[in-house]
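A.B. asks: Sharing a structure, written as structure tokens. Questions coming.
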Amino acid sequence: MGWTGRAPTPNGCQSREVLRARGGHAMSSKADTAIVRAIGIDTGKNTLHVIGLDEKGAIVLREKVSRTRIAARFVNGPPCLIGIEAGMASHHVARELVALGHEVKQVPPAYSRPFRQGHQNDFRDAHAVAEAVERPSTQCVPIKTDERLDLQALHRVRSRLIGNRTAVINQIRGFLLEHGIPVRQGHHFLRQQLPQLLATRTDVLSPRMIRIIGDLMADWKYLDERSERVTDEIEALARVDEGCQQLITVPGVGPIISSAMVAAIGNPVAVAGTA
């Protein structure tokens, strides 16, 4: 397959037809050609680093491309195996390249790192991705749809809210212990006893400390309400998602766990069926 040099390209490309309609040409026929076996892309920054390898593993393509122009760069090229370092915004880039007919795989950094030669830099990372993407043993990250990314975002928000709530609870416990007031383990017991403690233990709790803990209680209540709303939204999505419904039939798997699995790997039922 032949690849040629860079030419001016438009922004916001999604398919070959759209790019050609806008007059975009990713490669010039006048430039020198080279046979590319696999391409590796490092997506760590707004400027992507691209490495192409020939049949012998030699580097025949080495360039930097703007993130907004990556699809236009490969619009006129023949279908090719492209490896992208899995990370921020890699799903968007992968979907753009798949729409152009390329075979695209997202390689986790842990699987490409052993192939990196020398000290780390963006081009060496892209080279390592190009080497790793051809290995049959490399476990790649499935490309997620917008719906799956939305579900994943909900889970990440929920995880952060629960983590923040745990931090608030631990801080309240620590302040009480510093004043000699232990509370039985479990946030349910703390929630029940806290109003009474603030009202009756004025002998050891100063007015300022009572106000501080009262503010933390308000934070706790807000985080509870936010996490409950996000949890309800996740459960509602799980009830209408086919993959989640199949996973819920497994003993011990509920809507939260099933939707987290679907958000992480796309369709775990389909993956299991092809294993």
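A.B. asks: Rounded to whole Hz and in sequence order, give me ³J(HN,Hα) for segment 193-206 from the Karplus expression 6.51 cos²θ - 1.76 cosθ + 1.60, θ = phi - 60°, writing x for Gly and Pro.
C.D. replies: With coefficients 6.51, -1.76 and 1.60, one gets 8, 4, x, 5, 5, 5, 7, 10, 9, 5, 6, 10, 9, 6 Hz.
A.B. asks: Can I ask one more? Each residue of segment 76-85 in turn: what ³J(HN,Hα) in whole Hz from Karplus with 6.51, -1.76, 1.60 and θ = phi - 60°, glycine and Pro shown as x?
C.D. replies: For segment 76-85, the Karplus-derived couplings read 9, x, x, x, 8, 7, 10, x, 10, 5 Hz, x marking Gly and Pro.
A.B. asks: Further question on the same structure: Hey, what did segment 30-181 get for relative contact order, percent, Cα under 8 Å, at least 6 apart?
C.D. replies: 22 percent
A.B. asks: Which value, to two decimals, describes the C-alpha radius of gyration of segment 28-142 once divided by 2.2 N^0.38 Å?
C.D. replies: Cα-based Rg divided by the globular estimate yields 0.96.
A.B. asks: Give me, ordered by chain and number, the residues 5 or more places off residue 48 or on other chains with an amide H under 5 Å from its own placed amide H.
C.D. replies: It is 65, 66, 67, by chain and number.
A.B. asks: Kindly identify segment 100-209 as rounded, prolate or oblate by the Cα gyration tensor criterion: order the square roots of the eigenvalues as a ≥ b ≥ c, call it rounded if a/c is under 1.5, otherwise compare a/b with b/c, prolate if a/b is larger, else oblate.
C.D. replies: Prolate shape, in that a/c is at least 1.5 and a/b is the bigger ratio.
A.B. asks: Going by amide H atoms built from the backbone, whose H comes under 5 Å of the H on residue 76, apart from near neighbours?
C.D. replies: Sorted by chain and number, the residues that satisfy this are 26, 27.
A.B. asks: Could you state the principal axis extents of the C-alpha atoms in segment 127-270, from the largest down, to the nearest angstrom?
C.D. replies: On the principal axes, segment 127-270 reaches 69, 40, 26 Å in Cα extent.
A.B. asks: Name the long-range amide H neighbours of residue 84: under 5 Å, sequence gap of 5 or more, or other chain; modelled H, no Pro or chain starts.
C.D. replies: Amide H to amide H, under 5 Å and 5 or more residues apart or across chains, residue 84 pairs with 41, 105, 106, 107.
A.B. asks: Taking the number of other C-beta atoms within 10 Å as the exposure measure, put 200, 145, 138 in order starting with the fewest.
C.D. replies: In increasing order of surrounding Cβ atoms, one gets 200, 145, 138.
None of the figures in this text is laboratory data; all of them are computed from the coordinates on show. Keep in mind that what you see is a predicted model, and the values were worked out from it rather than measured. A quick note on method: Cβ atoms are made from the backbone with ideal geometry, for glycine too, and the neighbour counts reach across all protein chains shown.
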